[in-house]
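Engineer: What follows is a structure written as structure tokens; I'll ask about it next.
The values are calculated or read from the model by the stated rules, or taken from the named source; none is laboratory data. Every value quoted in this text rests on a predicted model; they were computed, and no experiment measured them. In this analysis, Cβ positions are derived from the backbone assuming ideal geometry, glycine residues included, and neighbour counts consider all displayed protein chains.
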Amino acid sequence: MFTDFALHERLLRVVTELGFNEPTPVQQAAIPVIMNNRDLRAIARTGSGKTAAFLLPMLHKLYGDPKPRTATRALILLPTRELAQQTLKQVTQFARYTFIKAELVTGGEDFRIQASRMRRNPDILIGTPGRMIEHFNAGHLELGDLEVLVLDEADRMLDMGFAEDVLKLAGLCNSERQTLLFSATSGGPGLDHVAQQVLREPEQLTLDDVRSLDIHIGQQIITADDISHKERLLQWLLAHEEYRKAIIFTNTRVQADRLGGVMVASNIRSYVLHGEKDQKDRKQAMDRLRNGDIDVLVATDVAARGIDVGGLDLVINFDMPRSGDDYIHRIGRTGRAGASGLAISFVLTNEWNLMASIERYLKQKFELRVIKELKGSFQGPKKLKASGKTVGTKKKKKDGNATKGKAKPAKKPARKPKAPAISNPGGMAPLKKKK
């Protein structure tokens, strides 16, 4: 129970009102560590309840030790605007019975208005590294009195090229601060380096690893012959599959826009979201999906970690994601908080090995589904390696007869050393060497 954590009664009141009964595994493990003022590095997949895992003890700390609002006391960095907005929403919910104030600092918003709000010294700043650096360069950001630094989805921030910004911001913070680093994957050497730079003797937790898939999510693959075949399969699924809300992932903006046209032609209420959309469009997409004004969102991976929408029970990978981690972040949009969901991935011939690599990484076997009405000619490779990948055809050696009669290129004779130059002051013709 949350009462076991000795959180402030005002926070426990909110937890009860929100219907939180039992702490999730990551909350159970992380909250006591954070309340003990230890640095923490935790691996916890999206949707596991990690935001509450660091927000509740952080708010307990700030509220339990009130100070005049003369400096920002906590900074939460996230990779995308959508995640930052969701985190602000959760801070506002949990802090409703306190006097703690938070502000959002991300791209796509008015820079001067943000600067004005930052001058009020909110207790908590929530934002993306790039915009924070812009405000620092403009002289608007002061972190010398910071008490808590949170790096959420740290692996994704590094994937997006924010490592330098993150380290710079951490260097601006009070060296005695508490630092909490959460990621959905181990992040490799790059994240290890960042962790070594920003954490002090941290507690290490690995809970709800990215490869620990939710048992409530069904996972299927459907083979396809080409892009147009994928589009027909997509239309069939959206017409026959039961779902409340769906998201379709593509690897490129061009493909996302193309599918947006397919949705319009099929009279499906949809919206397209990718990196070229401005903040107003992105906010509108999320609001319309949450309100039920649209049934389908077509998106690139820019949305994979920024969507938390209730009732989203179908994910379709129109393009196979480029890695196992990306696959998890995509399908993690469904099956959240114990709800059921379905993830379907289309697989072309040239995507089979990528799909097999993802299966192997996740230690999973996807269900092969066949739609009889749209059965294609490609039903998977005829021969597979032990890894599940296609057996490559070895190139046959050329028959000796094939080159018979063809002259082999003559080898160039080795060059002989040049004779030393002889002066010819009399202008005599040089002697020719006898054969």
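Engineer: Are there any helices (runs of 4 or more DSSP H) wholly within region 6-100 with 3 or more residues that are over 24 Å from D192 (Cα atoms), and if so which?
Structural biologist: Where helices (runs of 4 or more DSSP H) fall fully within region 6-100 and carry at least 3 residues being over 24 Å from D192 (Cα atoms), they are 9-17, 50-64, 81-94.
Engineer: To continue, here is another question. Could you check region 282-326 and list, in sequence order, the residues that are of a type in the set (D, E, K, R), assigned to a loop (DSSP other than H, G, I, E, B) and modelled with pLDDT under 90?
Structural biologist: Listed by number, the residues that qualify are R305, D308, R322.
Engineer: Does any residue of region 273-281 turn out to be touching a helix residue (DSSP H, G or I) at 6+ places or on another chain (Cβ under 8 Å), under 23 Å from Q86 (Cβ atoms), assigned to a helix (DSSP H, G or I) and of a type outside the set (A, V, I, L, M)?
Structural biologist: yes
Engineer: Which of the numbered conditions does Q196 fail, given that it passes all the others? Conditions: (1) in the same structural domain as A52 (by TED's automatic domain parsing); (2) surrounded by fewer than 18 Cβ atoms within 10 Å (Cβ to Cβ); (3) not in a helix (DSSP H, G or I).
Structural biologist: With (1) in the same structural domain as A52 (by TED's automatic domain parsing); (2) surrounded by fewer than 18 Cβ atoms within 10 Å (Cβ to Cβ); (3) not in a helix (DSSP H, G or I) applied to Q196, the lone miss is (3).
Engineer: Can you run down the residue pairs with Cβ atoms below 7 Å, 6 or more apart or on separate chains, where the first is in region 225-243 and farther than 11 Å from L259 by Cβ and the partner is surrounded by 14 or more Cβ atoms within 10 Å (Cβ to Cβ) and among the aromatic types (F, W, Y)?
Structural biologist: Qualifying pairs under 7 Å: D225/F378; L233/F346.
Engineer: Does region 137-158 contain any residue that is of a type in the set (K, R) and at pLDDT 95 or above?
Structural biologist: no
Engineer: Look through region 126-164, keep the residues that are of a type in the set (D, E, K, R) and in a helix (DSSP H, G or I), and return whichever of them is surrounded by the fewest Cβ atoms within 10 Å (Cβ to Cβ).
Structural biologist: E164
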